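Just below is one structure, and these are the notes that go with it.
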Amino acid sequence: MAEDLKELKIELSKNGIFTTTLEELYNWGRKNSVWPLTFGLACCAIEMIATTMARYDLARFGAEVFRPSPRQADLIIVSGTVTKKMAPQVVRLYNQMPEPKYVIAMGACAISGGPFRDGYNVLKGIDRYIPVDVHIPGCPPRPEALIHAFMTLQQKIEAQSLSGASRPRHLRAGLPSEFPVPAFGEHGLEPAQNTEVFLAEQGNPLKVIQ
Amino acid sequence: MTALPTPEELKALIEAGVPGSRVTIVPNGSPSAQHSLLLDPAHAQAAAYFLRGHADLRLDYCSLVTGVDWPDTATTEKIKVKKLVDGVEQEVEETRKTQVPGYLEAVYHLFSMEKKHGPVILRLRTANRTGDTHLPSLTPVWRSAEFQEREAFDLYGIVFDGHPDLRRILMWEGFVDYPMRKDYVPPADDILVTGVNP
């Protein structure tokens, strides 16, 4: 059925009639104006800044407006090492963003702790506390890698359906849009990980050894 | 640039200038041969004021403060003891274990902006690693030591007496461990296995 509709759509467009669905129109608008949060943590932030400047020009993707307030941002790019002391603030910023909101974990540190993962003060991946949509490896990733991650995010937004069982978290009643802010404990952050960050059907990519 | 006195000369200068102080030279066997001066904690602050104020030394700049953790070590040695075995005195070999208690060390690197020489390296050692970890603060002598002494307090647990604002600087208040000590064990939940679904 869907294939038939697609063919019909193509056939109509050949005759100068443009058809679309509300879902496509809505997602097309959303994916082309993703406003990131002005937020950087370490050397990856320098690459993120380079991405926005003239040579790489993130404005081509409608994302040149870095908002100084999480209330106006759609995307948080976790660019750099998240220390345990910084992690609660990152989660709090995420919580203050309105839905629908997206997270890009940029660089080895943000996705896993990177070269500092054996350190006492580094969080082993921001996906312990907030749901990450796109992970970018690299130390630091080049601007092209960030642009690729951005395009991946755009594809993800485009594919989101507004109804049905596979609709995203922000369209499901009862699912959280805020996640608990970890507290400073005697030996580390408490809790060390929020296992409910990822939706059940996505599976939890990480398992903690007890 | 004036030539810096040798460690032996510095030791003699300090011991003459600060009555009652004891200075031990800790040799550095590497090619850099940056030998350091081990001060006794009781006279450390007076010796620091002396080094800063001495007309030929003028060590007015403390560029670095760090901590070093020397854990407890056990040495075993075999010694021959005379013992009565079945009524006959015999020489028996015994192994004796000696526990060498560890200590924490604070290291200071000093330079002179005025005389353009340095470094002079000072060391201070605590009595042990767990109970008495107090050392005199040299922040009153060199203001630049303030944050770095706080760092040594934070990461090694060296308590600097006389420090104006001794709080944790990198870790948060309420953190109880000293992460740069050799026996520090990070929380078990810091270890992750990837790609496994629970």
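The values are calculated or read from the model by the stated rules, or taken from the named source; none is laboratory data. Predicted, not measured: the structure shown is a model, and the values here were computed from it. Here the Cβ positions follow ideal geometry from the backbone for every residue, glycine too, while neighbour counts run over all protein chains shown. To get the accessible areas, we keep the full protein, side chains included, count just its heavy atoms, and leave off ligands, DNA and RNA. Shrake-Rupley method; radii C 1.70, N 1.55, O 1.52, S 1.80 Å.
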Every pair of residues 6+ apart whose Cβ atoms lie under 6 Å, when the first sits in the range A:185-199 and is more than 7 Å from every other protein chain (Cβ to nearest Cβ) and within 27 Å of A:LEU175 (Cα to Cα) while the second is surrounded by 14 or more Cβ atoms within 10 Å (Cβ to Cβ) and of a type in the set (Ser, Thr, Tyr): A:ASN194/A:TYR129
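Residues checked against (1) in contact with a Cys (Cβ under 9 Å, 6 or more places away or on another chain); (2) more than 20 Å from A:LEU93 (Cβ to Cβ):
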residue	(1), (2)
A:ILE111	no, no
A:GLY114	yes, yes
A:TYR129	no, no
A:ASP133	no, no
A:CYS139	yes, yes
A:GLU144	no, yes
A:ILE147	no, yes
A:PHE150	no, no
A:GLU186	no, yes
Long-range neighbours under 6 Å by Cβ, at least six apart or interchain, first residue touching a residue at least 40 places away in the same chain (Cβ under 8 Å) within the range B:164-177, second loosely packed, with under 14 Cβ neighbours inside 10 Å and in a loop (DSSP other than H, G, I, E, B): none
Residue tally, condition surrounded by fewer than 19 Cβ atoms within 10 Å (Cβ to Cβ) and either touching a residue at least 40 places away in the same chain (Cβ under 8 Å) or closer than 18 Å to A:MET106 by Cα (or both), over the range A:71-82: 0
Checking A:ALA63 against (1) closer than 25 Å to A:ALA108 by Cβ; (2) assigned to a helix (DSSP H, G or I); (3) of a type in the set (Gly, Ala, Ser): exactly one of these is not met. Which one? (2)
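Each row is one residue, and each column tells you yes or no for (1) within 10 Å of another protein chain (Cβ to nearest Cβ); (2) at pLDDT 90 or above; (3) surrounded by fewer than 17 Cβ atoms within 10 Å (Cβ to Cβ); (4) not in a helix (DSSP H, G or I).
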| residue | (1), (2), (3), (4) |
| --- | --- |
| B:PHE160 | no, yes, no, yes |
| B:HIS163 | no, yes, no, yes |
| B:LEU166 | no, yes, no, yes |
| B:VAL176 | yes, yes, yes, yes |
| B:MET180 | yes, yes, no, yes |
| B:VAL185 | yes, no, yes, yes |
| B:ASP189 | yes, no, no, no |
| B:VAL193 | yes, no, yes, yes |
| B:ASN197 | yes, no, yes, yes |
Restricting the range B:139-152 to residues that are of a type in the set (A, V, I, L, M, F, W, C), open to solvent by less than 40 Å² (accessible area, probe 1.4 Å) and not in a loop (DSSP other than H, G, I, E, B), the one nearest to B:LEU122 (Cα to Cα) turns out to be B:ALA145
Tell me whether the range B:119-138 contains one or more residues that are crowded, with 19+ Cβ neighbours inside 10 Å, modelled with pLDDT of 90 or more and at the interface with chain A (Cβ under 10 Å from one of its Cβ atoms). no
